Structure formats: C-alpha cells, structure tokens
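Colleague: The following block contains the structure, expressed as structure tokens.
The values are calculated or read from the model by the stated rules, or taken from the named source; none is laboratory data. Computed from a prediction, not measured in an experiment: that's the story for all the values here. When we count neighbours, we look across all protein chains shown, and the Cβ atoms used for this are built from the backbone with ideal geometry, even at glycine. Quick note on the areas: whole protein, heavy atoms, side chains included, nothing else; ligands and nucleic acids left out. Shrake-Rupley method; radii C 1.70, N 1.55, O 1.52, S 1.80 Å.
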Amino acid sequence: MRVHDAPRASSVMLVGSKTKLAPLKPLSIPRLELNAAVLLSRWMSRIFLLLNTHIDIVDMCAWTDSLIVLSWLTVPHDTFKQYVSNRVHQVRALLPSCQCHHVSSGMNPADCKSRGLMPSELPHHQLYWQGTAFLRDPPQEWGSDIARLPIAELSEVKSMSPAVCLAAPTVEWFTRVSSYDALIRVVACVRRFIDIFRRRPAERSNALTRAELDGATRVVIAASQRVTFPTLISDLRKLHRLASKPLAWLCPFVDSEGIIRVGGRLRHSELPYDCRHPILLAKGSYLALLVCRHWHKITGHSGPRVMTFLIHRQYWIVSLRSVVHSVISQCTRCVRLRASIPTPVMVDLPESWVSQCRPFSCVGVDYAGPIPIRENKLRKSRTYKAYIAVFVCMSVKAVHLELVSDLSTPAFLAAFDRFVARRGLPTTVYSDCGTNFVGADRQLRQLINSILNHFLVT
C-alpha cells in the first residue's frame, strides 16, 4: 500500500501476501504464472473490500514479470482455450479497473517467496517489506510499460477454421428425451409459440389439439428420417423407385409432406392411410426406440406380438423384432418379473449315507412325543407322559422305536441298551444337544475311561 504523505513524499508498506504451491499435475510455466495472477486478483479484491470502508483507495495497480500473462490479460478471453480463458475472465471480473504492468524479475517482491529467503535476511529485506524503489516516486515517473506480444505469437490460442461448413446432422436432436409423449407435446408447444410470435391467425384452446400433435409428430419423423436416411429422399424424388438397394422390396415413396412411407398392395383398401402406407423408420433411429417404449408402457408391458401389431398400424421399423427385444430386455419391471429364483448348490452327502454297511451301524436318534399313558384301566388311574426314542439307520433309513418313560439320562440309556441288544452296537450315533443325550454321552465316556485306566493299571 502506497500512502501519500506529501506532494513529493510517500511511504510504501506491506499489507498482505499470499503464496501457493504448484499442483502435482505438471503445468507449463505460462499457466503457472496465470494461476499466480488469479491468486493475486483474489487477494487484492479481498483487501479492497476490507480496507475500502476505512481508507480512501485512489487506484489499484498490479505487476507481473511474465510478458505472456500480461499479453493474455489485454486480449479478449474467448480467444484462448478453455483453461486460459476461464482464468483470464476471472482476473478481469475480480479487478475490472486494475492496471496491469510489467516488472523485471529482479524487482519483483513475489520472487522473495517463490525463491526463498533465509530467516536472518527476512527482517531486513527491503524489497519484500517496502516493495520496489520506484513505488515511492510519483506514478508519472514509473516509466513506460513494455510492449505486449501480438496474438499470433501467443500460446493457448484457439485454432480458427477459415471457413464454416454446414454438414448434415449425424445424431437426432431429441436423443436426450426419454418419453415419446413428452417429445411430441414439447414440439407442439414450441410450434404454437412460433405461430403466436409470427402472428398467424388460428383458433387455439388451452389444451393441445389433435392437429397440433399430428403436426409435431410429422416434424419429429421428418427430422429422424433426415438423419437415418440422408440420401434416400433425394434418390426417391429423382428415380421415383429404388431398384437394387436393401429397402427396395418395401417400395418406399415420399408423400406430399416429405415423409418416407412404405408402399404395398393395400392402396385400394378401406384401412386408414397410416395402416396402408406406414412411416418408415430405421433400426438405429432413436425415434423407433421411443415408439417401442411408448407402446410397451401403454399395453401394460406386453410381449413382442402385441407390440408389433400396434406399431405396424402407423410405423414400419426395419428389424422391428430386434428393437422390441432390446426394449423388453432393458425394461426393469419386465426383468424383475421374469427373474427366476436361483437354486442353491447342494453339498456332498455325508460318508455314512453313501457307504455300504450293515443296518443300524450308523444311526441318528431323537425323541417323539409326549404321548399320554395310563397305568391301568381303573377309573382313577394315573396318566403320565411317555416318549418314543426313534433310531434311524443312516444308510438304509430303517427305523427302530423304543418306549421311554421320561426325558432323563438313565431312561435314555435303558432305551439305548434295549436298542443295542436288539440291533447290535452301532459305530456312530448322531443326536442333537438335548440334556439327556449330553448326559448319556458324558456317562459313556466316563465308563470307557475307567475301563481303559483299569486295564492300564493291571
């Protein structure tokens, strides 16, 4: 900040400084210098807003040691590429009335930060704290500025083509619309607005009429056919009939409104004109996709046969089956309804189930019941609960039943003894974690351990 103390005396002091590291992405030196100019413009605009309410700021000036950046700031920003154009426009928007000048690198205070200073040099560094020496002189004596570079010598300039060539469109202009009804209604509203703007007399209501919707449909169809059949219309108007092209068997012709229709042998029938001569649409046309989606939704997500019948009443789409199949396969609701429940992969059967062995050598045991049992047939006989121990052979699925008086461990061991006496000792017994089964397992293990210890001692 330069403060006027007297007509020939002034003092210069540092108000603020800001520094930023270069990005990791490699940039050219002019682009880095331009980023520094953007940082300077943001910092100066912030200082101006903070000090303008307390100090009367007469003028603002900025200096840079990059002649390329200084030349960029004096040329319209739309001349350059997007990266440079955005930053030049940002500098001018932040500092519209600031004067930009050139300063040599040796007199630039910004180099004190970018090149670095020792801590012992910083407190007494006059260039950093008070700026260059010519700032204390009147602005008229600061010297003439350096000449700017011409546009031809600047980098980042857009390549301008010498001539403008109008080519036929390669993509339909309504590809961003996802609904056939919305497309027709929007086009009809735009056509109504154009007619009102041109003051064409017509009786209009608040709602769109059938004539307006039909006119919008013809406009959309013509735009689609100009993209998908760019040369077919001119060939039909010259030759009146195709001879050797793939669409010749359809006998296409151009009607009075410039729309390509399919010929045929139904000219004298009483069907509507659209049914006798449907409108021709290409397989890759976006309008054909919208038509198929429209009828798929209208018919409640019907199959290909219903859609084909309804579409052929107005349109003839080349390779209609493939278009309909793609619409149905991309429909989220249809895919969800056709989804089949996946069958999980079954694990391998246990070895005891598939190994050849004698019956009841590997068994599984569980309880069934309870069942009420009476002591005798007297009138006041006591009724108590009993259970059935079910022993199932794991290999042949044979079943052995034993009556058990209660759920205790001794009752199960008694039933197990009767089973062993009848069927033989099994090699493996499977059960759940019932308390009677756990207790029986514990008692049997204790019995085996005591027998083993007895033999070892003897």
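Colleague: Kyte-Doolittle mean at least 0.5 and Cα extent at least 24 Å along the axis: which DSSP H helices of the chain qualify? Don't jump to the answer; show the numbers that get you there.
Modeller: Numbers: long enough: 29-51 (33 Å, 1.02); 180-197 (26 Å, 1.10); 210-228 (27 Å, 0.08); 435-457 (33 Å, 0.21).
Membrane-span-like by this criterion, though nothing is claimed about a membrane: 29-51, 180-197.
Colleague: Taking K and R as +1 and D and E as -1, what net charge do the other residues with C-beta under 12 Å from the C-beta of C362 add up to?
Modeller: +2
Colleague: For segment 1-159, count all C-alpha to C-alpha pairs, find those more than 20 Å apart, and express that count as a whole percent of the total.
Modeller: In whole percent, the long-distance tail amounts to 56.
Colleague: If you don't mind, there's one more thing I want to ask. Around V186, with a cut-off of 13 angstrom between Cβ atoms, what is the net charge of the other residues, counting Lys and Arg +1 and Asp and Glu -1? It would help to have the intermediate numbers written out before the result.
Modeller: Working: positive: R176, R185, R191, R192; negative: D181, E212.
Every neighbour counted, the sum reads +2.
Colleague: Heavy-atom accessible area per residue, segment 204-279, 1.4 Å probe: how many Å²?
Modeller: With all protein chains present, segment 204-279 gives 62 Å² per residue.
Colleague: Keeping the other protein chains in place, figure out the carbon and sulfur percent of the accessible area of the chain, with a 1.4 Å probe.
Modeller: 59
Colleague: Give me the 1.4 Å probe accessible area per residue for segment 27-159, excluding ligands and nucleic acids, in Å². If you can, show how the numbers build up before the last one.
Modeller: Details: 8180 Å² over 133 residues.
I get 62 Å² per residue for segment 27-159.
Colleague: Shape of segment 286-366 from its Cα gyration tensor (a ≥ b ≥ c, root eigenvalues): rounded if a/c is under 1.5, otherwise prolate when a/b > b/c, or oblate?
Modeller: prolate
Colleague: Quick one: of the DSSP bridges fully inside the chain, what percent are antiparallel, nearest 5? Walk me through the numbers on the way to the answer.
Modeller: Values: 23 of 33 bridges.
Of all bridge pairs located within the chain, approximately 70 percent are antiparallel.
Colleague: Something else about it: For segment 337-458, what is the accessible area per residue in Å² when the probe is 1.4 Å?
Modeller: 76
Colleague: Something else now. On full extension of the chain, what length is gained from C251 through K377, given 0.36 nm per residue of separation minus the C-alpha to C-alpha distance?
Modeller: Working: separation 126, 0.36 × 126 = 45.36 nm, distance 10.02 nm.
So the chain would gain 35.3 nm between C251 and K377.
Colleague: Something else: Under the rule of at least 5 residues apart or a separate chain, name every residue whose amide H is placed under 5 Å from the amide H of V404.
Modeller: Y387, I388, A389
Colleague: Find, among the GluC sites (Glu not before Pro) in segment 305-406, those assigned to loop by DSSP (not H, G, I, E, B) with at most 15 other beta-carbon atoms within 10 angstrom. Please report the intermediate quantities before stating the final value.
Modeller: On the way: sites: E351, E375, E402; in loops: E375.
Passing both the DSSP loop test and the Cβ count: E375.
Colleague: To continue, here is another question. Using +1 at the C-beta of Lys and Arg and -1 at the C-beta of Asp and Glu, which of F197, G215, L183 has the Cα lying farthest in the positive direction of the dipole of segment 169-280?
Modeller: The listed residue farthest towards the positive side: F197.
Colleague: Hey, what's the per residue convex hull volume over the C-alpha atoms of segment 173-326, in cubic angstrom?
Modeller: Values: hull volume 23.3 nm³, N = 154.
Dividing the Cα hull volume of segment 173-326 by its residue count gives 151 Å³.
Colleague: Would you work out if the chain is rounded, prolate or oblate? Take a ≥ b ≥ c from the square roots of the eigenvalues of the alpha-carbon gyration tensor; rounded if a/c is under 1.5, else prolate when a/b is larger than b/c, oblate otherwise.
Modeller: Oblate, since a/c reaches 1.5 and b/c is not below a/b.
Colleague: Next up: Would you mind calculating the gained length between R46 and R237 on full extension (0.36 nm times residue separation, minus the Cα-Cα distance), in nm to one decimal?
Modeller: Fully extending the segment from R46 to R237 adds 62.0 nm.
Colleague: Cα gyration tensor of segment 320-386, axes a ≥ b ≥ c as square roots of the eigenvalues: rounded (a/c below 1.5), prolate (a/b > b/c) or oblate?
Modeller: oblate
Colleague: Which semi-axis lengths, in whole Å and largest first, follow from the square roots of five times the eigenvalues of the Cα gyration tensor of segment 183-223?
Modeller: 17, 11, 8
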